[in-house]
Amino acid sequence: MMNEDLARGKDMTGADDETKTLASTVARQILLLVSDSTVDADACKEAALTHLESIKTGNVGVLSQVLFLLVAKDWPLQVRIYASKMLQDLVKLRWDELSSSEQMDISSASFELMSELAAANPFEECEMKSETITLVAEMFEKEGVEMWQESFLSLVSLSSSGPLQAELALKVVKRLSEHHMKELEDNKDSNLFQELPDILVWLHDLLEKHFGDAKNAEGRDKVELAKQHSDAVVACLNAINSLTEWAPVPDFAEYKIIDQCASLLSSSEFCRLACMFFTLISSRERPTDDASGAEFDSTIIHICKMMVSLGSTNLHYIFTDSSAIALYLKQMLWFFEHYKFDLHYESLFFWLVGGHCLNQQIIIFLRYKEVKLTLASGSLTGVDGLFNLRPQGS
């Protein structure tokens, strides 16, 4: 009877007990569908699937109420995950059927769910966190400009609650950036590009805050808190690195992302992801128009100068991470071999002015630590020959 009422679209708004009863019915069907029982398994699962499919096409407002009940921590994990996937389908396929107030309710409930999950057991809730990140990202993709901006403010507010919440919020941005890349391939536009300046300012502030907080917690021997802030820094760098695939390169300079990432190059914990940022930025194609091309050139030269400065003063930090030194040296050789004289000239200071001691360390490290670099053919030989710094006895 409950299923028939929902399928017919009966208005059940405000009927708490009835909605909870329906949620229990749906939960039983989900458990039947995902169970490993072998007794009449095929028939039971087929009936459960048919039941759930009919519910998916029922009253969309009631459906959202039921599903948000089922993602609560009181239910078994299998039920919560399945309900979360159903919510994603609801947002993706039936968003336009919802009234504006219903859309706002779903948005608020989604952020509340994300906040609850952030504070939950990280091991038990890992899969639910991933599903909720997908849900919130799907919601962003369906929203108009005005509601998108409101949801972004909710995301910023969530991130200010603590490092655990910030980590989830940043993973949403990474998911949105990846989706934006697909939109670009299909020649579609998204709200993400329009809001990019605000996003970059926010990312800069989060990166600066959580890096500082991680060091502060580490200095006070707050191991777990330091790890939480470090995880937020990693999530922020991953989000930024995703944006480097498509966001205008000069924007990273204008909103101080480049400066902030450069400061992380001297951190043994984050230097690999920071190096990856500069590698990804430098691999972008130069714009063809004169104005954008000039801005691009200026930004890349700025990056080169920063990396030269790092190599001349703090290279020992990067040497603690074999993958980081691989990325760093690959990038410096890319600058050195670049057809633009300005880049070649700036990078030359690293190889020449950096000092024989640093160059000796580089060659010894490459030989005896067996770092595997994907470099242009002959690059290492060229460097070795350029400085004539073979270790004694080699």
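The values are calculated or read from the model by the stated rules, or taken from the named source; none is laboratory data. All figures in this text were calculated on a predicted structure; none of them were measured in a lab. Cβ placement follows ideal geometry from the backbone for every residue including glycine, while neighbour counts extend to all protein chains displayed. Only protein heavy atoms, including side chains, enter the accessible area calculation; ligands, DNA and RNA are left aside. Shrake-Rupley method; radii C 1.70, N 1.55, O 1.52, S 1.80 Å.
Please give the FRET efficiency for Lys182 paired with Glu46, using the beta carbon to beta carbon distance and R0 = 41 Å, rounded to the nearest 0.05.
0.75
Which net charge results for the neighbourhood of Asp289, defined as the other residues with beta-carbon distances under 13 angstrom from its beta-carbon, given Lys and Arg at +1 and Asp and Glu at -1? Intermediate results must be reported in sequence, preceding the final value.
Working: positive: Arg286; negative: Glu285, Asp290, Glu295, Asp297.
Charge balance near Asp289 sits at -3.
Rounded to the nearest 0.05, what FRET efficiency do Leu352 and Arg284 have when you use their Cβ-Cβ distance and R0 = 35 Å?
E between Leu352 and Arg284, to the nearest 0.05, is 0.80.
Please express the Cα-Cα pair-distance distribution P(r) of region 76-227 as a list of whole percents, one per 5 Å bin, running from 0 to the bin with the greatest distance.
2, 9, 17, 20, 20, 15, 9, 5, 2, 1, 0
If you wrap region 212-341's Cα atoms in a convex hull and average its projection over all directions, what's the area in nm²?
8.2
Tally Lys/Arg at +1 and Asp/Glu at -1 over every other residue whose Cβ is under 14 Å from the Cβ of Ser159; what's the total?
The answer is -3.
Leaving ligands and nucleic acids out of the surface, order Asp74, Asp213 by accessible area at 1.4 Å, largest first. Before the final figure, lay out the partial values.
Values: Asp74 135, Asp213 45 Å².
From most exposed to least exposed: Asp74, Asp213.
Could you state the number of Å between the C-alpha centres of region 103-151 and region 251-273?
So the two Cα centres are separated by 28 Å.
D for region 20-94, whole µm²/s, Stokes-Einstein with Kirkwood Rh over alpha-carbon pairs at 4 °C and 1.567 mPa s: what number?
Working: Rh = 12.5 Å.
The calculation lands on 104 µm²/s.
For region 169-266, what D do you get in µm² per second when you plug the Kirkwood radius from alpha-carbon pairs into Stokes-Einstein at 4 °C and 1.567 mPa s?
So the translational diffusion coefficient is about 92 µm²/s.
Express in nm, to one decimal, how much length is gained between Phe193 and Glu245 on full extension, taking 0.36 nm for each residue of separation and deducting their alpha carbon distance.
On the way: separation 52, 0.36 × 52 = 18.72 nm, distance 1.25 nm.
Between Phe193 and Glu245, full extension yields 17.5 nm more.
What do the square roots of 5 times the Cα gyration tensor eigenvalues come to for region 243-294, in whole Å, largest first, as semi-axes of the equivalent ellipsoid? The partial results should precede the final answer.
On the way: eigenvalues 108, 25, 12 Å².
So the three semi-axes of region 243-294 are 23, 11, 8 Å.
Apply 1/(1 + (r/R0)^6) to the Cβ-Cβ distance of Asp221 and Ala120, taking R0 = 25 Å, and write down the FRET efficiency to the nearest 0.05.
Once the sixth-power term is evaluated, E becomes 0.50.
Given just the C-alpha atoms of region 59-154, how large is their convex hull per residue in cubic angstrom?
Convex hull of Cα atoms, per residue: 84 Å³.
What spacing in nm lies between the two simple spin-label points modelled at Asp89 and Ala72, each 7 Å away from Cα in the Cβ direction?
For Asp89 paired with Ala72, the spin-label model returns 2.3 nm.
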